[in-house]
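Below is one structure, written out as structure tokens; comments come after it.
The values are calculated or read from the model by the stated rules, or taken from the named source; none is laboratory data. As the structure is a computational prediction, the values presented were derived from the model and not from experiment. All Cβ positions, even for glycine, are placed from backbone atoms using ideal geometry, and neighbour counts span all protein chains on display. These area figures cover heavy atoms from the full protein model, side chains too; ligands, DNA and RNA do not enter into them. Shrake-Rupley method; radii C 1.70, N 1.55, O 1.52, S 1.80 Å.
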Amino acid sequence: MRVIIVGAGEVGFHLAERLSQENQDVVVVEADPERAERASELLDVMTVVGNGASIPVLEEAGIRGAKILLAVTSQDEVNLISCLAGSRLGADYTIARISNPDYYTSGSVLSRERLGIDLMINPEREAARETFQLLQSAAATDVANFAEGRVQLVGLVVREGAAVAGKSLGRLGVELKEYHYVLAAIVRGGETIIPDGSSRIEAGDHIYVLSPASEVLSIPPLAGYEPFDLKRVMIAGGSAEGLFLAQVLEEHHIECTILDRDRRRCLELAEALPKSLVLHGDATDLELLEMEGVSGIDGFVAATGNDETNLLSSLLAKSVGARKVVSLIEKFEYLSLVPRVGLDAAVSPRMSAVNAILRYVRRGRVTTVATLKGIDAEAIEFRVSEDSAIANRLIADLSFPRGAIIGTIIRGDVILIPRGPDLVLPGDEVIVFALPEAIPEVEKLFG
């Protein structure tokens, strides 16, 4: 399948990296020669230097034989024109990264439906939704939904003295029979491990657990966390992500305070957020944070639009006692700093956009995909067809590739935690956790 990616920034580069690892025919179009050269040197992709909104450039990239065009530059207008041109030149599907609400608001003259673009992804809204999910648990560093929200994947760090620390998965399977979960991955010392029954969980491990959404709150206590109830949140920064998050908090009747150093922006926020308290101030002013009650607050979110300011204000909030701190991070390379400096979680609008795009790119037998921060593996939800190699076979009999694990099987209204004697049936939704090198082999089983 040929995929043309317009833009080799962080979103485009990450998409190209993921798709090329899966042996897709990827062509990257980038106006900046240095970025194009970097993609060509580091990735197994073809690159074309030029404007992605130019018809000759798109034709040079092979648009007439392309399955999907992904326009993911930081400029909305380039992405829109690129998709419009691409759809008329023969691309089967077009996806645009769009930040300006004027372009995606329902009923707009420039809406997705009227422009004929298959999907518009708004990174800021995606990031706000992810942040809200993370705020609802003191433990969660990552959250991803599957099976229309009925199954959740949660990342968390195991604390000293936790009930699961120092024990093998085989032993935990006996001790925790009443719990319904699958440990999908362990990250230890920067290495991602797909575990088996002999694998041990140690304090300090970053673990990823799949569980029915109705039971996911039973997981954090096993890792050493106290129960958590989200009632008060402070948002430092009136960025688009901060505004969208505040609107979500208002919808869920959660007390919200939002502060910004720009007085004019504060007036705009106050008009848009009738149920929130809007303050004019600096997110890195420790005295202001203490005065406004950050100590002991349930959730603190740094969303200023500047990574360095977000990290600093998050550290200040954590130092004075905020229970859950989430920092918005734009640069992918900064994401690995979050656990090292002691912050609870980070949200990357660009990574959120990547996840949303990959869900669409792999649609068909793939219904959901989640790329997580700080981990090499992906979680993918497959639909089993009559022709799938995995259909009507026992899990114990499957030659499942090394570096992959079946996490959950959804069969109608029933959520199954898989065991060796379980049969995989056509129509099942199967959630798989896999390292990138194992994904092509996994896809063959479901193809």
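Using a probe of 1.4 Å, the accessible surface attributed to THR257 totals some 20 Å² when neighbouring protein chains are kept in position. Here, region 4-64 has an Rg and a Dmax of 10.3, 28 Å when only alpha carbons are counted. Between ASN100 and ALA272, the FRET efficiency estimated from the beta carbon spacing at R0 = 22 angstrom works out to 0.90. Projecting the Cα atoms of LEU153, ALA223, ALA236 onto the charge dipole of region 131-252 (Cβ charges, centred on the Cα centre) puts ALA223 farthest toward the positive pole. For the chain, the fraction of alpha-carbon pairs lying more than 40 Å apart is 21 percent, rounded to a whole number. Gain on full extension, evaluated as 0.36 nm per residue between MET1 and GLU34 minus their Cα-Cα distance, stands at 9.2 nm. The modelled label-to-label distance for the pair GLU59/ASP25, using points 7 Å beyond Cα in the direction of Cβ, is 1.9 nm. Taking a straight Cα-Cα cut-off under 27 Å and skipping sequence neighbours fewer than 8 places away in the same chain, the lysines within cross-link reach of LYS318 are LYS231, LYS275, LYS331, LYS373.
Go ahead and run the numbers for FRET between GLU215 and ASP387, Cβ-Cβ distance against an R0 of 30 Å, rounding to 0.05. Plugging the Cβ-Cβ distance into 1/(1 + (r/R0)^6) gives 0.35.
The residues of the chain have, on average, 43 Å² of accessible surface per residue, using a 1.4 Å probe with all protein chains present. Separation of region 128-159 from region 372-416 is 20 Å, based on Cα centroids. Give the separation of the Cα centroids, region 209-254 to region 268-303, in Å. After rounding, the separation between the Cα centres reads 17 Å. Stretched out straight at 0.36 nm per residue, the stretch from GLN75 to ASP262 would grow longer than its current Cα-Cα span by 64.9 nm. Taking amide H atoms as placed 1.01 Å from N in the peptide plane, the amide H of VAL28 lies under 5 Å from those of ILE5, MET46, THR47, VAL48, each 5 or more residues away in sequence or on another chain. By the compact-protein rule of thumb, 2.2 N^0.38 Å, the alpha-carbon radius of gyration of region 1-117 corresponds to a ratio of 0.99.
Think of region 2-121 as a dipole: +1 on every Lys or Arg Cβ, -1 on every Asp or Glu Cβ, centred on the Cα centre; then among SER54, SER40, SER87, SER87 lies furthest on the positive end. Every Cα-Cα pair of region 356-446 was included, and the share exceeding 15 Å stands at 57 percent. Considering region 249-353, its Cα convex hull presents a mean projected area of 6.7 nm². In region 392-416, whose amide N lies under 12 Å from the spot 7 Å out along Cα-to-Cβ of LYS444? List them in ranges. Once the point is set 7 Å along Cα→Cβ of LYS444, 399-402 turn out to lie under 12 Å by backbone N, inside region 392-416. Here the 3J(HN,Hα) profile of region 323-337, calculated from phi with Karplus coefficients 6.51, -1.76 and 1.60 at θ = phi - 60°, is 6, 10, 10, 10, 10, 7, 10, 7, 7, 4, 5, 7, 4, 5, 6 Hz, Gly and Pro shown as x. In the chain, the DSSP-assigned H stretches of four residues or longer account for a calculated mean residue ellipticity at 222 nm of -8500 deg cm²/dmol, using -39500 (n - 2.57) per stretch and the full residue count as denominator.
With R₀ fixed at 30 Å, the C-beta to C-beta distance from TYR179 to SER399 puts the FRET efficiency at about 0.55.
Once the chain from ASP376 to HIS253 is taken as fully extended at 0.36 nm per residue, the excess over their C-alpha distance is 40.6 nm.
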